[in-house]
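Taking it in order: structure first as C-alpha cells, then the write-up.
The values are calculated or read from the model by the stated rules, or taken from the named source; none is laboratory data. Just so it is clear, the structure is predicted and the values come from calculations on it, not from any experiment. FYI the Cβ positions are ideal-geometry reconstructions off the backbone, even for glycines, and counts take in every protein chain you see.
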Amino acid sequence: MKKVESIWAELSAKSQEVAQESTELSEEVKVELGLVEDFTKVFESAVNTDTSIGMNLIDALGKAENKYKSVINDYEKAVKIGDDALAAAKDLGVDLPAIVKNKIESSKVGIKEARGLISQIKKLYSEF
C-alpha cells in the first residue's frame, strides 16, 4: 500500500508540475503575443507617418516645380523685353542704364538657377 501511495504522491506532484509548466507556457505565449501586438502597433504607426511625410514632400516638390516653371516663364519674358529694349536703345544710339543691363543678366542667371532646381526636384522624385 505504501508503494501505491508513493506512486500516487509522485504522480500528483508530476501532475502539479505539468499544470504549473502549462500555466507558465500559457503566460509566456501571452507575453510574446503582447509583444507582437506592441511591435505591430509601433511599426504601423511608423509606416503611416513615413508615408504621410513622403506624400507631403512629393506634394510640396510638385508645387515648387510648378512655381519654378512660372518663374522661368517670367524671367524669359523679362529677358525678351530687355533684349528688345537693348535693340531699341541701340537703334536710337543710346545706352540703357547699367542697372537695367544687370537685371537682364540677372534674369538669365535666374533661368539657369531655376532650371537647375527643377532638375534637383526631379532627382528627389526618383527617391520616392
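What to note about this one:
- Of all residues in the stretch 71-128, those being in a helix (DSSP H, G or I), of a type in the set (G, A, S) and more than 33 Å from the chain's Cα centre (by Cα) number 8.
- The C-beta contact set for the stretch 70-94 (first residue on the phi > 0 side of the Ramachandran plot, second residue aromatic (F, W, Y), distance under 6 angstrom, 6+ apart or interchain) is empty.
- In the set I121, I104, I111, only one residue is surrounded by 13 or more Cβ atoms within 10 Å (Cβ to Cβ), touching a residue at least 12 places away in the same chain (Cβ under 8 Å), out of contact with any Lys or Arg (no Cβ under 9 Å at 6 or more places or on another chain) and farther than 30 Å from A60 by Cβ; that residue is I104.
- Any hit, the stretch 30-44, residues being more than 30 Å from L124 (Cβ to Cβ), of a type in the set (F, W, Y) and either under 43 Å from the mean Cα position of the chain (by Cα) or at pLDDT 95 or above (or both): yes
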